[in-house]
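Notes for the one structure printed next.
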Amino acid sequence: MSDQTKTGLTYRDAGVDIDAGNAMVDRIKPLVRSTRRPGADGEIGGFGGLFDLKAAGFTDPVLVAANDGVGTKLKIAIDTGLHDTIGIDLVAMCVNDLVVQGAEPLFFLDYFATGRLDPAQGEAIVSGIAQGCRQAGCALIGGETAEMPGLYAEKDYDLAGFAVGAAERGRLLPSAELAQGDMILGLASSGVHSNGYSLVRRIVERSGAAYDAPAPFDATRSLAQALMEPTRIYVRPLLATLAQGQGIKALAHITGGGFPENIPRVLPAHLRADIDLDAIDVPKVFGWLSREGGVGEAEMLRTFNCGVGMIVVVSAADAATVSALLQEAGEGVTPLGRILAREDQPAVTFNGSLNLS
């Protein structure tokens, strides 16, 4: 036999470790079990996840589906090694989009792609996904892990999430009864949430701030910890309030595009939202981003949530009751304005100014 004979290659030689994948599955099985709910009792490992709508208590449901990612917030997680909350963001971006349509999130699936699979890192990521699912009351019924050397750098990874919810027929939002004079309430965000991070990262770079140093706007934690604060999940308080039948007519999740792009998605063409910016309690992180980046108010409003992660539109007669119910559930509620006639105005108009000090 010639000395030139080549040794046979394995999948591991090509950069894909099947054993690492199996080890990760074993590590995350308890996390998946922790998200069980009526309708979903299966184990991961099959070819597809199952969900029983009848067992979940629905009689005539309409299914609602959403998928999303967390954008370049992932890059901060990768660069700082803070992987345990990014999964909460992934779930939040999907389930908050379901509840604004009046739907109860039922189940969730994730897609995790990486250059080299590290079972401990994967477990940390899935632990956040499971925590987000528990917060939202939905089951993690499956997912996909892909090790793709050559497409991703060794430490890089990407995440996508897919959520399905349901509402009884006739209870979907927004309501056809939206009318001039309805009240607009804002629910406080937990911070930057998961939008605008390409700009955030550029501002951090421009400022010269270090991720492991105390945050300039919050000395109690590092800049990385502050910027990685996970997206607030509004599902349980909103579903509980909707179940009371107390006048919620529309909900808008304030994500990419901020106020000007997201609020019009739930308004008919003849109505506009008139927002009082002076009423918003703007978290300090947004003032810092605005100052360090030289970002003007209009750009802040169309890029970030600026302290309001969810908009709630209610009848004026029910505004006080809805506010009380949401506050009792732990939400920070602020009256932000009213629904007015469009009258050749933009779909969202603003009064006052953001406090970006």
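Suppose we keep only residues that are of a type in the set (S, T, N, Q) and not in a helix (DSSP H, G or I) within segment 84-139. Which one would you say is farthest from residue 74 (Cα to Cα)? Step by step, filter segment 84-139, then rank; the result is 101.
Among residues that are farther than 27 Å from residue 350 by Cα, touching a residue at least 12 places away in the same chain (Cβ under 8 Å), open to solvent by less than 40 Å² (accessible area, probe 1.4 Å) and charged (D, E, K, R), residue 274 is not included. If you go through segment 192-211 and keep only what is open to solvent by less than 40 Å² (accessible area, probe 1.4 Å) and touching a strand residue (DSSP E or B) at 6+ places or on another chain (Cβ under 9 Å), you end up with 193, 194, 209. Within segment 320-353, the set of residues being more than 27 Å from residue 237 (Cα to Cα) and among the acidic types (Asp, Glu) comprises 343, 344.
Residues in segment 98-122 that are buried (at least 21 other Cβ atoms within 10 Å of the Cβ) and not aliphatic (A, V, I, L, M): 102, 104, 105, 107, 108, 110, 112, 114, 122. The residues in segment 212-228 that are open to solvent by less than 10 Å² (accessible area, probe 1.4 Å) and either over 22 Å from the mean Cα position of the chain (by Cα) or more than 19 Å from residue 197 (Cα to Cα) (or both) can be counted, and the count is 1. For segment 115-138, which positions are touching a Phe, Trp or Tyr at 6+ places or on another chain (Cβ under 6 Å) and either assigned by the TED database to the domain that holds residue 236 or modelled with pLDDT of 95 or more (or both)? 133, 138 - these are the residues of segment 115-138 that are touching a Phe, Trp or Tyr at 6+ places or on another chain (Cβ under 6 Å) and either assigned by the TED database to the domain that holds residue 236 or modelled with pLDDT of 95 or more (or both). Looking at this structure, is residue 323 touching an Asp or Glu at 6+ places or on another chain (Cβ under 8 Å), at pLDDT 95 or above, over 30 Å from residue 206 (Cα atoms) and assigned by the TED database to the domain that holds residue 226? Judged against the criteria, residue 323 is not a match.
The values are calculated or read from the model by the stated rules, or taken from the named source; none is laboratory data. What you see is a predicted model; the values in this text were computed from it and never measured. When we count neighbours, we look across all protein chains shown, and the Cβ atoms used for this are built from the backbone with ideal geometry, even at glycine. To get the accessible areas, we keep the full protein, side chains included, count just its heavy atoms, and leave off ligands, DNA and RNA. Shrake-Rupley method; radii C 1.70, N 1.55, O 1.52, S 1.80 Å.
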